[in-house]
Structure formats: C-alpha cells, structure tokens
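Note sheet for the following structure.
The values are calculated or read from the model by the stated rules, or taken from the named source; none is laboratory data. These figures come from a predicted structure and were not determined experimentally. Positions of Cβ are backbone-derived with ideal geometry, glycine not excepted, and every protein chain shown enters the neighbour counts.
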Amino acid sequence: MKHPIRLCAALALTASLVACAPSNGEIDWRKGIVESEFVYDEAPFRECHSATIAETPAGLVVGYFGGTVERHPDVCIWVSRQENGGWVGPELVADGIQNDTLRYPCWNPVLYQVPGGELIMFYKVGPSPSTWKGFLKRSYDNGRSWGEAEALPDDIVGPVKNKPELIDGRLLCPSSKEGGPGWRLYMEETSDGGRTWTSTAALNEAQPWWSGIQPSILKHRRGRLQILFRTRNRRIGTAWSDDRGRTWSQLDSTMLPNNNSGLDAVTLRDGRHLLVYNHVLPPGEEVKGPRTPLNLSLSRDGVHWYASAILENSPVSQYSYPAVIQGEDGYVHVVYTWRRRRIKYAKIDPKQLQMIKIEDIEWPRNPGLDAQPEAPMFQISVCDWMMLKRQKDGAVTLASELGYDGLEVDMNSLGDNPTFQSRFKDNPEALQAFKALAEQNGIRISSVAMSGFYAQSIATRESWIEPVADCIEVMKGLGVQVAFLPLGVNSDIKAHPELRPAVVERLRTIGRMAEEAGVVIGIETSLDAAGDLALLEEIGSPAIKIYFKFQNAVENGRNLYKELRTLGAENICMIHCTNTDGVLIENDPQLDMQAVRYVLEDIGYHGWLVVERSRDASDVHNVRYNYGANCAHLHKVFN
C-alpha cells in the first residue's frame, strides 16, 4: 500500500513540474538559470568550439578546442578549471604535432571523471572528421596536469562529442563516424579504463537514410537506455536499448527539430531527462539551420518534451555544441560555444525549471512579447553637426541616403549667449515639420546633443539652466529620450578637481529636471569607468547616465572593452562609437568592432550607436564618403 503522505507529496511535485504559461501570457525563459558567465575572457587563440564538462573532487573542469579556425593545424585542446569561485585557464592539454614538418588539428574533446579515479580526456587528431584518429589523456590531479597521449585502436573513435555513461562496470561511449558510406552511429565500450575496446555495428546499418552522428545517452527505469542524436533529417533522432546498450532498436525521429547541429542530454536524479539543443527547424527542405536560439527542454519519458528555458536568443549566431552534467550539489552545469569566440557556462537549478507543452514542433510563443515586432539589437545613428548640417533638413535626407537608422540633432551654437541658437526654440511648427520629415525618410531622432558645452563650463557658466531646459523642451517635441551633455574642457573634473562640487551640484539639479520630464541626460567625462561610476553615485539621479565615447578610452590608454564591462549597460544611456579623426572605423587598429559587439551583447546593451568622427584624414571633408563608409561597416558588424 502506498503511503498517503508520500503519495500527496509526489502529486504535488508532479504538479510543480508541469508548469503552464503564467496567466498574463508572459513566459520567463530565464527561469532556473542562476549563473551565466564565460570560462575565460582572453585566450591565445582566435576561435573555439565543442565544449565538454566534468566534475572532479576539486571542482568543474571544462575542455574545448581552440585555434585560428576549425580545421587549421594550430587547433589544440584546452581546459579551464573552476577554482576559488573563478575560472583558471585556458591551459593547453594536447596538440596535433606529428613531427617537425607535419601537424594536424585537434577535435571534439570529451571529459569523463572515473568514479574514485582519474579524469580522462578523449579527443581526436586529424585533418578532418572523416580521417581523424581517437586519443586519450589522463589526469591524476583533477585536470591540473596531464599524462602522455594514448592512441585508441584504429577502428575506435571514443565518445565522439558527448559524455560516456558507466553501465554495469562498462564505460559505454556514444560514438559515430563520418567517412565512407555516410554518417553512422556506434556504441563503443571499455571495461578497463580505455585500454581495450569493443564496438557495435553501425546502428543505422539497416536504415542508411538515417544520417546521424554524435549521440547522447539517457537512462530510464529498469535499465532501459535511450540515445538522442544529431541528424540531417530535420529531426532529432532516437533509438532504445533493453539490454544495457548491447543492441539497439531501429532509429526513429523525436517530436523535436534539429538544425544539423550538436546536442547533449542528461538524466536527472529526479528521473526527468534534460536536453540542451537548438530548437530550430531548417527552412524549406533544407537540412541545416541557424545555430540560435539555444534551448533547454525536459521530458519524463524521453518521448514527450516540454519547453523549459532559453540559454541564448540573439539573432546573431552561433550558440551551439552544448555539454551538460548534473553535479553532486544537484545543480545542472552546461557549457557551449558562444559564437566560436568563447565558451560560456550556465548553472541551472532544475527544481525551478518550468515545463510548457511543445505543440506541432513549435517552441511556445510568448504572447506578451510576440505581439510587438522585435527591434534590432543595435541601431546606427549619426551626428548632424559632424555632417555639416546642424539642424538642417538635409541632415535627415542625407542620413537616410547613407543608410543610417537615426540622427542625433544638435542644439546649435552656445557661445556667450544665454541659451542655444536653435531654430527649434519656441518654434513648434519647425519642430513638428522636422519630425515629420524624419518619419517620411525612415529616420528616427536618436538623441539631442548639447555640443556647445564642449567649450562652455557647466560648472562656472552663469546661464546653465536655461540651455538645458530648452534642450529638454526640444527633446519632448521630437519624442526623444536621451540628450548628450559633454562636460568638456572647461568642466573637466579630472583636470580641474576643484570644479567637482559645482559640477555635481548642478548635475543634481539637471537630474531633477530630467526626472520631471521623463528623459535622460547622458554626460561625457574624461574619467575612467570606475570614476564615472563614483560620479554617478555622487549625483544620485536615475536620469543622469553616461554617454560613453570610445575616443576617451582609446586616447587615455584604457582598455575599451573592460571600461564597457565596468560601467555595465544599466549606466550607459548611449554610445558615440567612433574614435578621433584620421581613419575610418573599419581601418582603425584601435577599434575592434567585433569585440565591441561581443562585449555590448554580453553586458546587455541594446540601443543606439552614434557616429561622431572617425573620418579619413586624406579626405576629411568628404562627408558622403566618410559617413557612408562608417555606416556600412557598422551595419555589417552589428546587424
């Protein structure tokens, strides 16, 4: 007889595991993800891929291959280790050097922690997946050092991408081969730690139309096993074993799509099965699709799957080749390729994961979010005064012709006048006509600039409230949320620290004005990121943020990317994404816009990138050439 209290508890647990979308229609696809970070910030290689993860007595160890580009002979196997709350590495584990004149790339490491024993790293070496050879190395100090390479038998690959499972003392290794008669699935096994091996025949030998590789093993009750695998058949494939992995059923398709990219799965201690994969159905009849988003689904039976979380959802690909384990602490640990540039780690609390029904192969949609078309992550704007068309209608048409999304409109000159000499001041008709012209040309007004304060002092100038108030009125008329306020040469609190009290006091007043109007004033300073944060803290207004300018970081010898990370997206209202004059953005050795994009997306900055300078010194006055080239390059990198 079942114990009634236990039965009630089981029913309550079951109810909690089958969550429906919240009543307001909003689905939190990050629920359960408690940590998300890169396992390294800098590396001696350009690209990386194919992560693997294991838990040792000393902590997590992550492996991956890295080099110039996949298939390049300099691609090696690297590891990062979690120590004292952080990551150590990358550390070189294996290379493909054959002799003084021949070197092959390395591929697809797979880590396995022998219970109570060594840590094993399986990997492959060879010019391509169809010709590679399997190797392994052992570590007896939790991944800090590694022994010599041990070659596997010629017909054995080892676990090809995903972790092996220990079944009755046999290390069952999910494997596959890509040469010869197409993609073929195998189960290889060793009972002595990788010293001797046996293998099944190809699991799809009788079904050659099933083009599958890189299986992952799930464990069901009463010893039943299941594999899930990557295919060219537009669906994740599956097969079952009732004799502990010695023989397997015919291959079949699951209810889930596959974009011809790797996946991984694990059976949790509560009996559920967790799958990490790209929930992407290739377009039309294609067999390959984008490697984004990266999804997480759950199942109780390996047949019916429920949407649970989204690890990455940027339209910028790729997020791929996940590896997943459950740690001794009960948390799920996932690592995956982040755009081939870095390896990312996520820690997940499986108790918090929701289970939302997947119908007709479609990932459940979020009505609250899907009702509105998604805006581009980054939009490109240009300063009208730098195009020599300050507050002129021609700035709108030129920005549109050059391909910009928006325009930063300057308030015009200030000098010794009480306020800006703006044609929009006290002229609502001109303001509305300009706004209508922008709408007709598909140009949004990204921001309003008070560039006159470059030469004027916000700290000592007698008339300072009136120009800011006039700017706010123009912002309201144009429907703009952000204004640019440079502290400039005469209010530079780094060069003139004695001005700091006056600057802070006046910015507090400006902050209150902006709060009342519902807008943000973005200040530009010569301070470093830490100094900017301290200044914002001292001002204490949510309506005062940093208008970040790349040129300031570059000219002062600061690490641009670290400065952005230190500030964080929450403290940056907008960005002047150019350097000083002399060279176009694309040719500027001091600006790596690909790296900028990775950092901005990582910190969560979504918004405007505004072109100010970065003109070719040989033709600095050719507006159409300079600003057209910069716009084209930024769109290429960011969109």
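When we screen I33, I53 for residues that are more than 25 Å from V125 (Cα to Cα), among the aliphatic types (A, V, I, L, M) and either modelled with pLDDT of 50 or more or in contact with a Gly (Cβ under 6 Å, 6 or more places away or on another chain) (or both), the only hit is I33. Among the numbered conditions (1) in contact (Cβ under 8 Å) with a residue 40 or more places away in the chain; (2) buried (at least 20 other Cβ atoms within 10 Å of the Cβ); (3) part of a helix (DSSP H, G or I), the only one that T578 does not meet is (3).
Close contacts from region 184-211, counting a first residue that is small (G, A, S) and a second that is assigned to a loop (DSSP other than H, G, I, E, B), with Cβ to Cβ under 7 Å and a gap of 6+ residues or different chains, come to S191/G169; G193/V114; S199/D155; S199/I156; S211/G182; S211/W183; S211/R232; S211/N233.
Restricting region 298-319 to residues that are part of a loop (DSSP other than H, G, I, E, B), under 16 Å from the mean Cα position of the chain (by Cα) and not β-branched (V, I, T) leaves a set whose member that is modelled with the highest pLDDT is N313.
Table: residues versus (1) farther than 27 Å from V396 by Cβ; (2) touching a strand residue (DSSP E or B) at 6+ places or on another chain (Cβ under 7 Å).
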| position | (1), (2) |
| --- | --- |
| N571 | yes, yes |
| T578 | no, yes |
| L600 | no, no |
| W608 | no, yes |
| R613 | no, no |
| S618 | yes, no |
| V623 | no, no |
| G628 | no, no |
| V637 | no, no |
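When S139, S130 are screened for being farther than 29 Å from R222 by Cα, at pLDDT below 95 and among the polar types (S, T, N, Q), only S130 passes. Scanning region 320-360 for residues that are over 20 Å from G85 (Cβ atoms) and part of a loop (DSSP other than H, G, I, E, B) turns up R339, R340, R341, L353, Q354, M355, I358, D360. The set of residues from region 490-543 being charged (D, E, K, R) and in contact with a strand residue (DSSP E or B) (Cβ under 7 Å, 6 or more places away or on another chain) comprises E524, D532. Within this structure, A455 fails the test of being small (G, A, S) and under 23 Å from E537 (Cα atoms). If the condition is being in a strand (DSSP E or B) and closer than 11 Å to S526 by Cα, then region 547-568 contributes F548, K549. The strands (runs of 3 or more DSSP E) found entirely in region 83-141 that carry 1 or more residues being among the small types (G, A, S) and in the same structural domain as C48 (by TED's automatic domain parsing) are 86-94, 133-139.
With the condition kept exactly as written, say whether any residue in region 226-247 is in contact with an Asp or Glu (Cβ under 7 Å, 6 or more places away or on another chain), in a loop (DSSP other than H, G, I, E, B) and on the phi > 0 side of the Ramachandran plot. Yes.
Results for (1) under 30 Å from S314 (Cβ atoms); (2) of a type in the set (S, T, N, Q); (3) touching a residue at least 60 places away in the same chain (Cβ under 8 Å), shown as yes or no for each residue.
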{"residue": "D393", "(1), (2), (3)": "no, no, no"}
{"residue": "V396", "(1), (2), (3)": "no, no, no"}
{"residue": "G403", "(1), (2), (3)": "yes, no, yes"}
{"residue": "D426", "(1), (2), (3)": "no, no, no"}
{"residue": "Q440", "(1), (2), (3)": "no, yes, no"}
{"residue": "S446", "(1), (2), (3)": "yes, yes, yes"}
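When residues in region 377-434 are screened for being buried (at least 24 other Cβ atoms within 10 Å of the Cβ) and hydroxyl-bearing (S, T, Y), 3 of them pass.
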